[in-house]
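Structure first, commentary second.
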Amino acid sequence: MENKYSYKDFLDYKVLAILFFIGLVSYLVIKIIPKEEVLPSYVSSVRKYKDVPRINLSLDVRLSERINEIELQNLAYIIYKRYNGAAYEKVFIDYLIVGMTQDNGAYATSHFNPNLKVTIYGLSNDNITYIKSDGFSDRKYWIDDGLGVIISIKREDGFFYLFKYFKDLGVDKKKLQLKFKGADTLYVIKGSTGGEYYKINSADDLELYDDQGWVYTMIKEKTNKL
């Protein structure tokens with residue numbers, strides 16, 4: 001009996017079979033094997049600081065810029081998936097702007113307990129824009145994300161004052177007394193019982209001190225272009 005299939009036909013079938021196999025493997029890789037979520041460019045680092053298997057996972061995330069609630073929500077789900085949050089009853093995520101110190105408040109949090117809840121404690125870009133829209137004209141200022149305020153030091157009528165500008169457009173004004181320690185100028189809160197004073201360091205950031213020593217540092221706003 002004459003063979004209806006040539007060697008060329010055999011090669012064609014073999015090529016089709018190989019292509020089918022490659023396609024199947026690619027499908028399985030894409031659909032079945034989970035792809036690691038890519039962190040956005042504004043995430044500088046993620047640190048796991050508490051891990052109790054199956055119970056809770058705690059992470060802190062360093063951000064190079066302020067992001068809004070929607071971006072925080074999206075980022076929370078990326079981190080949750082990347083760090084296998086489904087394996088825990090609760091996942092706690094703290095967000096700090098680069099320069100903020102640990103244990104002195106967070107810019108924001110996104111906690112899965114078990115459902116996601118996002119809270120912004122610091123000042124978002126929208127908050128800053130809103131405060132500036134109310135006649136804010138200070139050219140040099142700092143952001144205190146722990147308290148959620150803009151801080152500036154100004155001289156009025158021959159005296160120095162510390163101003164705190166809040167999200168609701170409230171303003172707190174405290175009189176300062178200047179003291180000099182070596183090459184440093186100390187801005188002392190007049191009447192403070194805790195010995196509070198501020199110092200502008202060599203990086204132009206604002207440091208807060210009290211009777212116990214250094215408390216925390218407020219970073220000079222990078223986008224200061226009033």
As a footprinting exposure proxy, order 79, 93 by other Cβ within 10 Å, with the fewest listed first. 79, 93
Rounded if a/c under 1.5, otherwise prolate or oblate - the range 136-220, Cα gyration tensor axes: rounded
Gain upon complete extension [residue 42, residue 113; 0.36 nm per residue less C-alpha separation]: 23.0 nm
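Values quoted throughout were computed directly from the atomic coordinates according to the rules given, and no laboratory measurement underlies them. Note that the structure is predicted; figures quoted are calculated from it, not measured. Note that each Cβ is placed from the backbone with ideal geometry, even for glycine, and that neighbours are counted across all protein chains shown.
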